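**Q** Have a look at the structure that comes next, please.
Coordinate-derived values only; no laboratory data. Please read all numbers here as calculations on a predicted model, not as lab measurements. Positions of Cβ are generated from backbone atoms using ideal geometry, with glycine treated the same way; all protein chains shown enter the neighbour counts.
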Amino acid sequence: MLTILFDLAQEILSLYRWAVILAAVFSMLASFGVIDTRNRLVWSIGDFLYKITEPALRPIRNALPNFGNIDVSPIALIFILYILQNVLQRIYFAIATGDLHGLLI
């Protein structure tokens, strides 16, 4: 049961990382006019990606300095998600093996 929960958490973090990447690419394509956001399907996809990624990106944007038109908050969020996955993996191995000293290394 514990393995299933940790695997599920890892997959959710991985899917969210891909959602952040897709949202960043979608935003860039929309700003350059490659995709037409007036199309209902395209707008729905963009709106969905915005709604699931913006709550995590907004605090990062507020904390980072302004770099003009360059938005580095998706890169920072991907890095944070990577760290969370590593921490989650260490916690799982520490619980599975019973060695809590592995958390500190």
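**Q** With the condition kept exactly as written, say whether any residue in the stretch 36-44 is on the phi < 0 side of the Ramachandran plot, within 19 Å of the chain's Cα centre (by Cα) and assigned to a helix (DSSP H, G or I).
**A** No, the conditions are met nowhere in the stretch 36-44.
**Q** Out of all the residues in the stretch 1-20, which are touching a helix residue (DSSP H, G or I) at 6+ places or on another chain (Cβ under 7 Å) and under 26 Å from Trp43 (Cα atoms)?
**A** If the condition is that a residue be touching a helix residue (DSSP H, G or I) at 6+ places or on another chain (Cβ under 7 Å) and under 26 Å from Trp43 (Cα atoms), then Leu13, Tyr16, Arg17, Ala19, Val20 are the ones that fit.
**Q** Next question. Just the residues that are surrounded by fewer than 15 Cβ atoms within 10 Å (Cβ to Cβ) and not hydrophobic (A, V, I, L, M, F, W, C), please, taken from the stretch 1-36.
**A** Selection gives Thr3, Asp7, Glu11, Ser14, Ser31, Gly33, Asp36.
**Q** Name every residue in the stretch 67-76 that is free of Cβ contacts under 8 Å to residues at least 24 places away in the same chain and either surrounded by fewer than 11 Cβ atoms within 10 Å (Cβ to Cβ) or in a loop (DSSP other than H, G, I, E, B) (or both), in order of residue number.
**A** Result: Phe67, Gly68, Asn69, Ile70, Val72.
**Q** I would also like to ask the following. Just one of the numbered conditions (1) surrounded by fewer than 12 Cβ atoms within 10 Å (Cβ to Cβ); (2) over 19 Å from Tyr82 (Cα atoms); (3) not charged (D, E, K, R) is not true of Pro55; which one?
**A** Against the list (1) surrounded by fewer than 12 Cβ atoms within 10 Å (Cβ to Cβ); (2) over 19 Å from Tyr82 (Cα atoms); (3) not charged (D, E, K, R), Pro55 comes up short only on (2).
**Q** Still on this structure, please answer the following. Is there any pair with a first residue in the stretch 39-66 that is free of Cβ contacts under 8 Å to residues at least 40 places away in the same chain and under 18 Å from Met28 (Cβ atoms) and a second that is loosely packed, with under 15 Cβ neighbours inside 10 Å and of a type in the set (D, E, K, R) whose Cβ atoms are under 7 Å apart and which are 6 or more apart or on different chains, and what are they?
**A** If the second residue must be loosely packed, with under 15 Cβ neighbours inside 10 Å and of a type in the set (D, E, K, R), the pairs left are Val42/Asp36.
**Q** Can we say Leu81 is surrounded by 14 or more Cβ atoms within 10 Å (Cβ to Cβ) and either more than 13 Å from the chain's Cα centre (by Cα) or aliphatic (A, V, I, L, M) (or both)?
**A** Criteria met by Leu81.
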